[in-house]
1. If I filter segment 70-87 down to residues being in contact (Cβ under 8 Å) with a residue 24 or more places away in the chain and part of a helix (DSSP H, G or I), which single residue comes out as nearest to Leu101 (Cα to Cα)?
2. Does any residue of segment 8-21 turn out to be among the basic types (Lys, Arg) and either modelled with pLDDT under 90 or more than 19 Å from Leu101 (Cβ to Cβ) (or both)?
3. Ala407 fails exactly one of the following numbered conditions: (1) modelled with pLDDT of 85 or more; (2) loosely packed, with under 15 Cβ neighbours inside 10 Å; (3) not in a helix (DSSP H, G or I). What is the number of that condition?
4. Go through (1) within 19 Å of Arg61 (Cβ to Cβ); (2) surrounded by 16 or more Cβ atoms within 10 Å (Cβ to Cβ); (3) out of contact with any helix residue (DSSP H, G or I) (no Cβ under 8 Å at 6 or more places or on another chain) one by one and return the number of the condition Asp117 breaks.
5. From Leu171, Leu83, Leu96, Leu155, grab the single residue that is out of contact with any strand residue (DSSP E or B) (no Cβ under 7 Å at 6 or more places or on another chain) and not small (Gly, Ala, Ser).
6. If I ask for residues that are part of a strand (DSSP E or B) and over 14 Å from Ser211 (Cβ atoms), which ones from segment 263-290 would you list?
7. Sort through Ile147, Ile142 and tell me the only one that's in contact with a helix residue (DSSP H, G or I) (Cβ under 6 Å, 6 or more places away or on another chain), part of a helix (DSSP H, G or I), open to solvent by less than 40 Å² (accessible area, probe 1.4 Å) and of a type in the set (A, V, I, L, M).
8. Report the residue count in segment 349-368 for those that are of a type outside the set (Gly, Ala, Ser), touching a residue at least 12 places away in the same chain (Cβ under 8 Å) and farther than 20 Å from Glu296 by Cα.
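The values are calculated or read from the model by the stated rules, or taken from the named source; none is laboratory data. In this text the structure is predicted, and so the values were computed from the model without any measurement. FYI the Cβ positions are ideal-geometry reconstructions off the backbone, even for glycines, and counts take in every protein chain you see. Only protein heavy atoms, including side chains, enter the accessible area calculation; ligands, DNA and RNA are left aside. Shrake-Rupley method; radii C 1.70, N 1.55, O 1.52, S 1.80 Å.
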Amino acid sequence: MNALEEEYHYYIRRYASTVEARGEIEHELISLTAKVPFDDRFNQSAKLEDLSPRLMSEFLREVGSELADEAHELSIEALGRQLNIVGGPAESPVPLNVGLLFFNEEPRRFFPATQIDVVYFPEGPGGDQFEEKIFAGPLAQITRDAISFIQRNYLKETVIKHPDRPEAERLWNFPLAAIEEAVVNAVYHRSYEIREPVEVRITGEDLVVLSFPGPDRSIKLSDLRKGRAVSRRYRNRRIGDFLKELDLTEGRSTGISKIIKTMAANGSPPPEFESDDDRSHFLIRLPVHEKVAEIEAEAEKNVGEKVGETSGKKVGEKDSTREETREETGKGSEKSSEKTEKGSEKSSEKIIRLLSENGELSAMDISIMIGITARAVEKNLAKLQKSGRLRRVGPDKGGHWEVIEKA
């Protein structure tokens, strides 16, 4: 073999051995030689017009920047350079990746799978049924919307009164602060070069947040599980800067320790953090509060027993009253449907009345006030919007409901 045919290989130190870098490890090793991180690089396939002046102005107002007052007078280029999301010479300005991730309406055009998938398995991961909600759009928006959606639909508070003390015990199936940290951590530290979304999987046993790839190899998994991990380098420092300005993260390697403390404060089992030797993924598992799970299981059991008592009496025993009614009208199923419809209308009218008094109520607030589930409230809200009686003004978080036709 002559000099022109020689093959070169990369080697890394893993534990006590020197091994050849292959696959994802080789790719990461080569990417480390780039002086500019991915989120801070120019995107040659994008144009200045791909940056939204509206999103930039909203960001400046939210963070309290003095630049917000004059933003409408600036060109996209000038405003982008002020935010440091536009680079290149004056004759050929180019958006940076971080600018497209935060200030483009559809970042998936440039970075496929820039989304958060929330999947709920009512019968567990082995069941046939699941509910899925996909959040796509600017990073800050989808992060907040996904967390708000989980809070409204899947978080439950259990209040336990004790005879020996006046204070009631308040427990959550999953503490919100831990979920916020886990989701923001995934958005912050995932790779936007990998075509895999952030996934949140919810069952009656746990809430899991999965992202790709895993934590930096400078972090020991043993330290990470103890909440003592401090990263020597960040995969997306510019993304972290924007999330920090929006108060979505502290950016000081405190997220994992906060998850551990929040779970402990709620009385929940400790969280679990998983990855593999190749650091191909990172999984955060938040187990459900054991006492809350027991109370919910007991409540479901009691409901099932009551339904059994009222529906069939004994197996094979006929309900004469129901049969007589059906024979008399010949439209038993229609009556049942009509009754359900009336019940639904009643809930709708309650929702309209509440929102006419306070349009900032969340689905969770309404569910507590009228005694139905948050998911049932969401369905009613969707029907009211479709019928033109309600209109949503602004985003899920920070917006409000407007009643078009009061009951």
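1. Gly80
2. Yes.
3. (1)
4. (1)
5. Leu83
6. Selection gives Glu272, Leu286, Pro287.
7. That would be Ile147, the only listed residue that is in contact with a helix residue (DSSP H, G or I) (Cβ under 6 Å, 6 or more places away or on another chain), part of a helix (DSSP H, G or I), open to solvent by less than 40 Å² (accessible area, probe 1.4 Å) and of a type in the set (A, V, I, L, M).
8. Selection size over segment 349-368: 10.
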